[in-house]
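Structure, as structure tokens:
The values are calculated or read from the model by the stated rules, or taken from the named source; none is laboratory data. All values reported here derive from a predicted model rather than from experimental measurement. With ideal geometry, Cβ positions are generated from the backbone for all residues, glycine too; neighbour counts draw on all protein chains shown. Ligands, DNA and RNA are excluded from the accessible area calculation, which covers all protein heavy atoms including side chains. Shrake-Rupley method; radii C 1.70, N 1.55, O 1.52, S 1.80 Å.
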Amino acid sequence: TSDSSIKSWAEDAFIPAQGYYLWANSDFTDIATAPDATTTATVADDNGVALRYGPEDTGTIIDSVGWGAAENSFIEGSAFSENPVASQSAARSSATDTDVNADDFILSIPSPKNSAVSGGFISPDPVLAVTASPAADHAVISEVYPDQTGANGDFIELYNPTADAIDVSGWSVQILSGNATTTDKVEKKDFVSGNTIPSSGFFLVGVDRYAGGDMTWASGSLNSTSGATVFLVNGTSTIADFNDQRIVDRIAYGSGAGLQPEGAAAPMPASGSSLERKAVQENDCVIASGGAEYAGNACDTDNNADDFDQRVQPTPQGVANLIEPRSAPDIPQSFAVTYGTTTMQAMLVWDAVADASGATSTMSYELSSATSTNPLGALTTVTASSSASVAIREVDIPFHFSLIARDRDGLASHAATTDFTPDPIFREAYLYPDPRIASTTALELRYDAYPFLPQWPGGNGWNLVVAYLNQDPPAIPQFYSDTQYASLPGDSVTRQYGEWGTTIADALKFRYRNCSGVWSSDVTAIILPDSAGQCSSAYGGIRNKTLQWDQLEDPSVIVSLSQNQTQPGPGDYVTVATYAYAGYNTERLVAVDHRKYYFQSDVPVHQSPTAPANPDASFDASTGLLRLIWDASTDADSVDWKLQYEIAYSTTTIADSDWAPIPSAGASPDENAIIAGRPFAKIPLESGTAYTIGLRAKDDFGNTSDPLMVSFTTPDAQL
């Protein structure tokens with residue numbers, strides 16, 4: 001109600017135009033800016049200051065400000081409600097004066113300016129508002145499970161949000177039924193020596209019939225029918241009253257006149273559910289699930305109804321669990337894939353990841369794969385291993401692998417990724433008009449080494465190719481070579497598709513010579529033996545049905561389509577699936593090739609045979625026949641035993657029209673020893689004549705070798 005002067009002026013003192021003037025307490029020396037004036041006066045909370053022209057109490061107030069709980073005459077409009085604390089000031093927010101202190105001032109970082117500063121208003125740096133954290137600074141009850149399922153598996157979970165372990169030896173957990181109104185009905189369980197809640201860790205009390213926990217309380221009960229109050233007490237004697245200073249934390253839930261909550265009681269959880277304390281994230285209490293699943297349970301606003309939430313799937317945690325909050329595990333490093341073409345197995349490896357305790361043995365890894373045809377992929381869990389083998393069932397299509405590391409409590413890392421594309425089954429494949437058989441089509445598969453088909457680990461030495469016309473290869477998991485068999489133990493589908501898959505829809509049918517020496521016709525499966533021993537006419541079954549071994553001498557398989565079907569034409573294509581013979585007349589899928597091999601009108605280029613070599617010519621004057629013997633030709637992409645030979649001879653120059661198949665001829669027993677299995681020809685020549693003789697090989701695609709040229713003069717006839 002009366003003034004107390006801070007500083008008065010009896011002689012001239014100036015504030016520069018658009019500038020400042022600074023007063024400070026004379027004892028305050030820790031200031032970088034020299035005051036224009038000092039006195040011994042001080043400024044207090046809940047007060048005000050004014051610039052008055054004239055005597056104390058009565059002079060004209062030029063400007064003033066009141067703050068905090070001030071109620072004096074220096075307030076303009078309404079007081080600025082804050083009392084600045086250490087390292088804070090009350091500062092005018094702008095050069096505008098609304099005559100309302102609450103609007104004109106803000107909390108600021110002190111920035112004193114003296115009369116050396118001029119040139120206009122300088123905006124103060126505001127102090128950002130700081131909200132008090134709702135996080136507890138003591139041990140709390142983090143989850144309670146009053147089991148209502150009939151199993152009586154109650155539990156009480158404790159959490160330590162502090163930076164140090166809390167020794168709870170000599171503490172107790174105490175329970176009071178919701179209908180009890182005095183402490184004489186309290187039940188309790190004492191902790192024992194050595195019981196400790198780790199920093200940022202948990203402690204689990206198993207109640208009634210709960211199996212497990214860091215401490216068991218078989219005689220306890222969480223009163224699942226109505227409700228109860230659970231107390232965490234720093235002491236082992238029963239609480240004297242509900243304001244006992246030893247009560248560290250409490251939760252009341254359910255109903256009952258005797259409940260003693262912090263604030264309001266939490267509702268009774270549904271059967272099978274628990275009550276879990278919320279987590280604190282960015283100074284807010286949030287439900288401890290989803291992104292806050294591993295953020296701890298530190299929320300404590302002293303209101304049980306607000307601090308706890310129902311958890312449908314209880315998650316009891318104890319000393320053995322990892323700390324919370326914690327960061328996600330590291331992303332697995334060095335994630336790479338190697339691929340075995342023949343086994344169709346992708347081996348994936350990565351560096352082991354440690355959990356929050358530094359252990360790697362408790363980590364698990366989740367591996368998923370996806371392709372353009374299977375975008376969701378399959379999930380494989382590999383526990384405590386830093387490698388995995390994955391069966392590949394598609395080729396020549398990009399695979400995307402994703403790997404996450406998950407600690408023993410379920411917290412997952414971000415994903416590591418790697419990509420690879422399995423090599424195609426065939427180097428090249430062609431569908432074209434078969435020049436060897438009129439009105440048929442040939443399917444030709446070229447490869448680098450035999451056996452070229454990928455193997456199934458349970459295979460028995462035979463692999464099969466099935467080609468589909470104008471469709472993506474259906475992933476038929478298995479088919480059967482004999483319809484007389486019923487389903488066998490372990491079969492996942494009923495046996496079907498006739499003998500060697502003859503009734504598979506849209507599968508092309510083939511005709512080829514098999515190992516029994518006859519022609520297989522209208523079969524959808526091209527059966528390929530892994531070795532010569534799998535091809536035999538002495539046994540029944542698949543050994544007879546497979547493609548004849550002598551047709552596999554070159555790095556290609558050429559098979560004609562059966563004529564009992566519509567032949568492909570321009571615009572048509574085939575896709576391929578491969579199978580392995582698994583025994584019991586069962587073929588299991590190994591791989592599918594989604595590439596489209598289109599029909600082409602031209603026969604693909606085939607290499608010519610090698611030229612015949614090392615000729616041996618002799619003339620029999622008695623018969624007038626020249627016998628010519630040579631080393632057989634070979635062909636890199638046609639079966640050698642199908643090669644034919646053409647011969648031409650002339651006393652002048654050989655013309656194209658002179659070439660003709662070698663005439664058939666027999667050999668005497670004496671000649672057989674000379675011929676020694678090599679090809680030979682016998683041609684009639686005139687005596688005493690010089691000839692040019694040409695010899696060439698021709699494959700079944702019409703390609704001819706370079707000619708072998710021989711000059712020979714027959715002897716004169718003997719009289």
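Scan region 419-426 and give yes if some residue there is closer than 30 Å to Ala507 by Cα and of a type in the set (Ser, Thr, Tyr), otherwise no. Step through it out loud before you land on a result.
Taking region 419-426 as the starting set, the residues that turn out to be closer than 30 Å to Ala507 by Cα are 420-426.
If we keep only those that are of a type in the set (Ser, Thr, Tyr) too, we end up with 421.
Yes; the residues of region 419-426 include at least one that is closer than 30 Å to Ala507 by Cα and of a type in the set (Ser, Thr, Tyr).
Ser224: under 21 Å from Val312 (Cβ atoms) and modelled with pLDDT under 95, yes or no?
yes
When you go through (1) outside any strand (DSSP E or B); (2) open to solvent by 60 Å² or more (accessible area, probe 1.4 Å); (3) within 30 Å of Asp423 (Cβ to Cβ) one by one for Asp302, which number turns out not to apply?
So the condition that Asp302 fails would be (3).
Could you count how many residues in region 282-335 are in contact (Cβ under 8 Å) with a residue 60 or more places away in the chain and either of a type in the set (S, T, N, Q) or in contact with a His (Cβ under 6 Å, 6 or more places away or on another chain) (or both)?
Looking only at that region, the number is 8.
Would a scan of region 37-45 turn up a residue that is at pLDDT below 90 and either within 22 Å of Asp125 (Cα to Cα) or open to solvent by 50 Å² or more (accessible area, probe 1.4 Å) (or both)? It would help to see each step written out before you state the result.
Of the residues in region 37-45, the ones at pLDDT below 90 are none.
Looking through region 37-45, none of the residues is at pLDDT below 90 and either within 22 Å of Asp125 (Cα to Cα) or open to solvent by 50 Å² or more (accessible area, probe 1.4 Å) (or both).
Suppose we filter Gly54, Gly59, Gly119 for residues that are closer than 19 Å to Asp3 by Cα and surrounded by fewer than 12 Cβ atoms within 10 Å (Cβ to Cβ); which single one remains? Let's see the steps before the verdict.
Numbers: Gly59 fails: surrounded by fewer than 12 Cβ atoms within 10 Å (Cβ to Cβ); Gly119 fails: closer than 19 Å to Asp3 by Cα.
Only one candidate qualifies: Gly54.
Going through region 140-160 one residue at a time, which ones are touching a residue at least 40 places away in the same chain (Cβ under 8 Å) and open to solvent by 30 Å² or more (accessible area, probe 1.4 Å)? Break it down stepwise before answering.
As a first pass, look at region 140-160 and keep what is touching a residue at least 40 places away in the same chain (Cβ under 8 Å): 140-149, 151-160.
Selection gives Gln148, Thr149, Ala151, Asn152.
Among residues belonging to region 279-292 that are assigned to a loop (DSSP other than H, G, I, E, B) and at pLDDT 95 or above, point out the one that is least open to solvent (accessible area, probe 1.4 Å). Please lay out each step first, then the result.
At the first step, the residues of region 279-292 found to be assigned to a loop (DSSP other than H, G, I, E, B) are 282-283, 287-289.
Add one more test, that the residue is at pLDDT 95 or above, and what stays is 287-288.
Working: Ile287: 84, Ala288: 4 Å².
Checked region 279-292; the qualifying residue least open to solvent (accessible area, probe 1.4 Å) is Ala288.
When the residues of region 139-160 are filtered to those that are among the β-branched types (Val, Ile, Thr) and part of a strand (DSSP E or B), which remaining residue is nearest to Ala266 (Cα to Cα)? Walk me through it before giving the result.
First, the residues of region 139-160 that are among the β-branched types (Val, Ile, Thr): 140-141, 144, 149, 156.
Subset that is part of a strand (DSSP E or B): 140-141, 144, 156.
On the way: Val140: 15, Ile141: 13, Val144: 11, Ile156: 15 Å.
Once the filter is applied, the top-ranked residue is Val144.
Residues to consider are Ser78, Ser73; find the one that is surrounded by 10 or more Cβ atoms within 10 Å (Cβ to Cβ) and in contact with a helix residue (DSSP H, G or I) (Cβ under 9 Å, 6 or more places away or on another chain). It would help to see each step written out before you state the result.
On the way: Ser73 fails: in contact with a helix residue (DSSP H, G or I) (Cβ under 9 Å, 6 or more places away or on another chain).
Matching residue, one of Ser78, Ser73: Ser78.
Do you know which residues across region 328-353 are open to solvent by 20 Å² or more (accessible area, probe 1.4 Å) and closer than 16 Å to Ser369 by Cα? Spell out the reasoning first.
Of all residues in region 328-353, those open to solvent by 20 Å² or more (accessible area, probe 1.4 Å) come to 328, 330-331, 333-343, 345, 347, 349, 351-352.
Once the filter is applied, which keeps residues that are open to solvent by 20 Å² or more (accessible area, probe 1.4 Å) and closer than 16 Å to Ser369 by Cα, region 328-353 yields Phe335, Ala336, Val337, Thr338, Tyr339, Gln345, Met347, Val349.
Hey, which of the strands (runs of 3 or more DSSP E) in region 161-278, taking only ones fully inside, have at least 2 residues that are buried (at least 21 other Cβ atoms within 10 Å of the Cβ)?
Working: elements: 172-177, 187-190, 202-208, 215-217, 227-233, 247-254, 274-277.
Of the strands (runs of 3 or more DSSP E) lying wholly inside region 161-278, those with at least 2 residues that are buried (at least 21 other Cβ atoms within 10 Å of the Cβ) span 172-177, 202-208, 227-233, 247-254, 274-277.
Of all residues in region 1-15, which are open to solvent by less than 70 Å² (accessible area, probe 1.4 Å) and β-branched (Val, Ile, Thr)? Give the derivation first.
Initial filter on region 1-15 (open to solvent by less than 70 Å² (accessible area, probe 1.4 Å)): 3, 5-6, 13.
Listed by number, the list holds a single entry, Ile6.
Among the strands (runs of 3 or more DSSP E) confined wholly to region 1-116, which include 2 or more residues that are under 28 Å from Leu128 (Cα atoms)? Reasoning before the result, please.
On the way: elements: 23-25, 37-39, 48-53, 60-66, 89-92, 105-108.
Of the strands (runs of 3 or more DSSP E) lying wholly inside region 1-116, those with at least 2 residues that are under 28 Å from Leu128 (Cα atoms) span 23-25, 48-53, 60-66, 89-92, 105-108.
Of everything in region 305-315 that's surrounded by fewer than 23 Cβ atoms within 10 Å (Cβ to Cβ) and part of a strand (DSSP E or B), which residue is nearest to the chain's Cα centre (by Cα)? Please lay out each step first, then the result.
Residues of region 305-315 surrounded by fewer than 23 Cβ atoms within 10 Å (Cβ to Cβ): 305-306, 309-315.
Among the residues that remain, those that are also part of a strand (DSSP E or B) are: 309-311.
On the way: Asp309: 32, Gln310: 32, Arg311: 28 Å.
Only one residue tops the list, namely Arg311.
What's the total number of residues in region 456-487 that are at pLDDT below 50 and either among the hydrophobic types (A, V, I, L, M, F, W, C) or under 32 Å from the mean Cα position of the chain (by Cα) (or both)?
1
Name, by its number, the condition in (1) over 42 Å from the mean Cα position of the chain (by Cα); (2) open to solvent by 40 Å² or more (accessible area, probe 1.4 Å) that does not hold for Asn101.
(2)
Go through region 649-702 and count every residue that is surrounded by fewer than 12 Cβ atoms within 10 Å (Cβ to Cβ), more than 60 Å from the chain's Cα centre (by Cα) and not aliphatic (A, V, I, L, M). Working first, answer last.
As a first pass, look at region 649-702 and keep what is surrounded by fewer than 12 Cβ atoms within 10 Å (Cβ to Cβ): 651-653, 655-657, 660-661, 663-664, 666, 668-670, 672-673, 676-677, 684, 686, 688, 690, 702.
Still in the list and also more than 60 Å from the chain's Cα centre (by Cα): 651-653, 655-657, 660-661, 663-664, 666, 668-670, 672-673, 676-677, 684, 686, 688, 690.
Remaining after also requiring not aliphatic (A, V, I, L, M): 651-653, 656-657, 661, 663-664, 666, 668-670, 672, 677, 684, 686, 688.
Result for region 649-702: 17.
I'd like the full set of residues that are closer than 14 Å to Gly48 by Cα and among the aliphatic types (A, V, I, L, M), limited to region 83-109.
Result: Ala90, Ala91, Val100, Ala102.
Take the residues in region 16-30 that are over 18 Å from Val49 (Cα atoms) and in contact (Cβ under 8 Å) with a residue 60 or more places away in the chain; name whichever of them is least open to solvent (accessible area, probe 1.4 Å).
Taking region 16-30 first, the residues over 18 Å from Val49 (Cα atoms) are 16-19, 27-30.
Narrowing the set further to residues that are in contact (Cβ under 8 Å) with a residue 60 or more places away in the chain leaves 16-19.
On the way: Pro16: 38, Ala17: 88, Gln18: 134, Gly19: 23 Å².
Step by step, filter region 16-30, then rank; the result is Gly19.
Return the total of residues in region 534-554 being touching a residue at least 24 places away in the same chain (Cβ under 8 Å) and open to solvent by 50 Å² or more (accessible area, probe 1.4 Å).
First, the residues of region 534-554 that are touching a residue at least 24 places away in the same chain (Cβ under 8 Å): 534, 541-554.
Okay, now just the ones that are also open to solvent by 50 Å² or more (accessible area, probe 1.4 Å), so 543, 545, 549-550, 553.
Matching residues across region 534-554 total 5.
Tally the residues that are in a strand (DSSP E or B) and under 14 Å from Ser385 (Cα atoms), restricting the search to region 316-365.
First pass over region 316-365, keeping only residues in a strand (DSSP E or B): 336-340, 345-349, 364-365.
Then keep just the ones that are under 14 Å from Ser385 (Cα atoms); that gives 347-349, 364-365.
Within region 316-365, residues that are in a strand (DSSP E or B) and under 14 Å from Ser385 (Cα atoms) number 5.
Of the numbered conditions (1) assigned to a helix (DSSP H, G or I); (2) within 42 Å of the chain's Cα centre (by Cα), Gly533 fails exactly one; give the number of that condition.
(2) is the only condition that Gly533 fails.
Please specify each residue of region 126-137 satisfying the condition of being open to solvent by 50 Å² or more (accessible area, probe 1.4 Å) and touching a Pro at 6+ places or on another chain (Cβ under 9 Å). If you could, list the steps in order and put the result at the bottom.
Initial filter on region 126-137 (open to solvent by 50 Å² or more (accessible area, probe 1.4 Å)): 126, 128-133, 137.
Answer for region 126-137, where residues must be open to solvent by 50 Å² or more (accessible area, probe 1.4 Å) and touching a Pro at 6+ places or on another chain (Cβ under 9 Å): just Asp137.
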